[in-house]
1. Can you tell me the relative contact order of region 139-178? Whole percent, Cα pairs under 8 Å, sequence separation 6 or more.
2. Starting from the Cα-Cα distance between residue 38 and residue 184, subtract it from 0.36 nm times their residue separation and give me the gain in nm to one decimal.
3. Taking only Cα atoms of region 34-209, what ratio of Rg to Rh do you get with Rh as the Kirkwood inverse-distance radius?
4. Give me the distance in nm between label points sitting 7 Å out from Cα along the Cα-to-Cβ direction at residue 46 and residue 197, one decimal.
5. Let me have the relative contact order for region 34-209, percent, based on Cα pairs under 8 Å that are six or more residues apart.
6. Rounded, prolate or oblate, given the Cα gyration tensor of region 136-217, with a/c below 1.5 counting as rounded?
7. Once label points are set 7 Å from the Cα along Cα→Cβ at both residue 163 and residue 141, what is their separation, rounded to one decimal in nm?
8. How many angstrom lie between the Cα centre of region 177-191 and the Cα centre of region 49-73?
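Nothing in this text is a laboratory measurement; each read-out follows from the coordinates by a stated rule. What you see is a predicted model, and the numbers here were worked out from it, not measured in a lab. All Cβ positions, even for glycine, are placed from backbone atoms using ideal geometry, and neighbour counts span all protein chains on display.
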Ligand code: HEC
Ligand code: HEC
């Protein structure tokens, strides 16, 4: 009887140790570079700071939720399948090779854990006008300081490369992004993108690039 109890106890403690180890490893997970991120370094950089020459946006500090949604959208063709979207097509091909249950959660958690960077080059424009237009047309969803707003699933824009932001605005306007039948959030943004252009958009982008960088809200 005593013997049985002991073995039972040993089994139990082995089980506890195993689950503790598991808990620790999933806890420490975000600070480790997932092996699969090596596929992203060439374009997005080792700190996910982006690469202007390759038109690759910064990713560091974006919410895991946003990154996951974009990778799912690319993989299912909700984003990046338009014939004129040559840069999106690159990401579509890469996303298709990812395991949605394993790679994507690991990549998203890792990217969210990285300190945000500023990929915004020097811009010029009228800051006061930019602030006014931005608060009137964008701030309600993207946050007053372009820090993002999870309630509206709107990503942060502060710190992002302005050329990337401008191209996304053009893509939304031209139907290259946000026209897929399942892209509800993209459609919303496409409607907004059509409300601004020219000097007004440049002032808005100038305002965004002047904001402090912070992790995605
Ligand atoms: C060949 C270069 C290249 C590689 C490799 C690459 N990307 Fe990209 N990625 C891009 C480009 C270019 C864009 C911008 C596409 C556009 O303009 O719509 C992009 C966009 C993205 C976006 C959307 C960002 C946003 O703000 O909406 C995410 C997320 C992303 N990439 C994640 C990854 C991850 C994770 C990997 C590795 C598994 C990866 N990328 C590998 C070039 C690359
Ligand atoms: C009704 C809410 C709403 C408003 C208002 C809005 N946006 Fe957005 N925006 C979104 C959402 C949601 C997304 C994410 C779409 C997706 O998941 O693909 C987005 C995405 C974007 C992107 C793409 C970011 C990336 O990393 O690829 C840019 C650029 C952008 N918005 C700029 C603006 C600007 C500039 C304004 C003001 C003129 C504006 N938005 C107004 C909700 C909004």
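1. On the way: 33 pairs, mean separation 9.2, N = 40.
It rounds to 23 percent for region 139-178.
2. Details: separation 146, 0.36 × 146 = 52.56 nm, distance 3.13 nm.
Between residue 38 and residue 184, full extension yields 49.4 nm more.
3. Numbers: Rg = 15.5 Å, Rh = 16.4 Å.
With Rh from the inverse mean 1/r over Cα pairs, Rg/Rh is 0.95.
4. Label-label distance for residue 46 and residue 197, simple model: 4.4 nm.
5. Relative contact order comes out at 24 percent.
6. Since a/c reaches 1.5 but b/c is at least a/b, the shape of region 136-217 is classed as oblate.
7. So the two model labels end up 2.6 nm from each other.
8. Between the Cα centres of region 177-191 and region 49-73 lies a distance of 18 Å.
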